[in-house]
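Participant: Quick one: the structure is below, questions incoming.
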Amino acid sequence: MTTLLITDGDQTVDLLTAAGSRAIIMPWRDALHDGPIPPLDTLEAVSAVRAEHLAEVFKFDPETVAATFAERDAVMRRHAEFDRVELWFEHDLYDQLQLLQILDFFAREGRSQGIVIVQADSFFAMERPDTVMRFAIDGVRVSPALLEMAATVWSELTSPTPERIAKRAARPIKGFPFLQQALGRFLEELPQPKTGLNRTEMRLLDSLGLEDMSAAALFHQARQAEEAAFMGTWPFYAVIDSLAFCDFPLIEGLHAPYSHADSEVHAEYVTAPLRLTMVGEDILAGDQDHVSTNGIKRWWGGTQMSGFSAWRFNRDTRELLAPC
């Protein structure tokens, strides 16, 4: 029997390999919570958009990113060569969006036979090679109904407004024990009424309102505060950049945006003490609105937000508010 095992990233690949898995193991390698998820008909078409976004935002070589996705997608097109396909994913937003995209692909292919989902309520990185395989015991065979549900939710994510996902996240989602919470967390990345800050931005500014902190310390604190941490360093530093290098900065202390390719910029960036500007203090206090002050240029799934108004999500009442 030939098995294809698909999982979230390279660290899990290494762990499962060390655990003795004989499957061909493939990482998905895409932070779908960041940037556009367009409503396109093929995996390859979505990958082209995603590759362009990741290269632009995180300063990757465009050809390398495109080639990486093309290699991944080519394996997916050969899925019939594998008797069994195992999908190993965690409970956090990063993993749950990847799982939906993969299941949407198989729904379009009309394949449920031989596909098994292994979901973890904790992080694989906390496991050892001699403990990680315990999750396989609770693997669930994919049914056509489960594929249909995944495809429906994926379609809702790619919609031009967040309305359908807001309705979906209001109740449990059959067959997906962690998806409701993950989608609820995703909604919290929309701007909040009054401040125009999403949850990540608000927590970041809250921390700087108490004391000056480095980017590295802020990232560590943010991960500790998450019920299911989903954001890596590069997307988090992109959030810091958006607050520090806008027209009316909310944060000061950085000389240049983050660069993973420049070791000197990296070293200075992660250690420099950051502090709130007066504008940052006013927005944190609710006396100004970040979107109204600086505008917004951001994708949330299939929703494109630009200009000086945006969809907002009230984290207290769980209410979605249309742009006005």
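Participant: Does residue 248 count as under 26 Å from residue 288 (Cα atoms), among the aromatic types (Phe, Trp, Tyr) and open to solvent by 30 Å² or more (accessible area, probe 1.4 Å)?
Facilitator: yes
Participant: If you don't mind, there's one more thing I want to ask. Would you confirm whether or not segment 155-163 contains a residue that is under 27 Å from residue 22 (Cβ atoms) and either in a helix (DSSP H, G or I) or under 22 Å from the mean Cα position of the chain (by Cα) (or both)? If you could, list the steps in order and put the result at the bottom.
Facilitator: Keep residues of segment 155-163 that are under 27 Å from residue 22 (Cβ atoms), which gives none.
Within segment 155-163 (the criterion being under 27 Å from residue 22 (Cβ atoms) and either in a helix (DSSP H, G or I) or under 22 Å from the mean Cα position of the chain (by Cα) (or both)), the answer is no, since none of the residues qualifies.
Participant: Suppose we keep only residues that are outside any helix (DSSP H, G or I) and open to solvent by 20 Å² or more (accessible area, probe 1.4 Å) within segment 45-96. Which one would you say is farthest from residue 108 (Cα to Cα)?
Facilitator: Among those residues, the one meeting the criterion is 59.
Participant: If the Cβ limit is 8 Å and pairs must be 6+ apart or interchain, which residue in segment 256-276 that is more than 16 Å from residue 219 (Cα to Cα) and without any contact (Cβ under 8 Å) to a residue 40 or more places away in the chain pairs with which residue that is part of a loop (DSSP other than H, G, I, E, B) and not hydroxyl-bearing (Ser, Thr, Tyr)?
Facilitator: 265/256
Participant: Quick test of your reading of the structure: residue 124 fulfils all but one of (1) out of contact with any Ser or Thr (no Cβ under 7 Å at 6 or more places or on another chain); (2) within 17 Å of residue 232 (Cβ to Cβ); (3) open to solvent by less than 30 Å² (accessible area, probe 1.4 Å). Name the failing condition by number.
Facilitator: It is condition (1) that residue 124 fails.
Participant: I'd like the residue in segment 219-235 that is in a helix (DSSP H, G or I) and under 24 Å from residue 56 (Cα atoms) and, out of all such residues, is farthest from the chain's Cα centre (by Cα).
Facilitator: Here the answer is 219.
Participant: Let me ask you something else. Which one of 7, 2 is among the hydroxyl-bearing types (Ser, Thr, Tyr), open to solvent by 30 Å² or more (accessible area, probe 1.4 Å) and under 18 Å from residue 139 (Cβ atoms)?
Facilitator: 2
The values are calculated or read from the model by the stated rules, or taken from the named source; none is laboratory data. Since the model is a prediction, treat every value here as computed from it, not as a measurement. Cβ atoms come from the backbone with ideal geometry, glycine included; neighbour counts cover every protein chain shown. These accessible areas exclude ligands, DNA and RNA; they are computed on the full protein's heavy atoms, side chains included. Shrake-Rupley method; radii C 1.70, N 1.55, O 1.52, S 1.80 Å.
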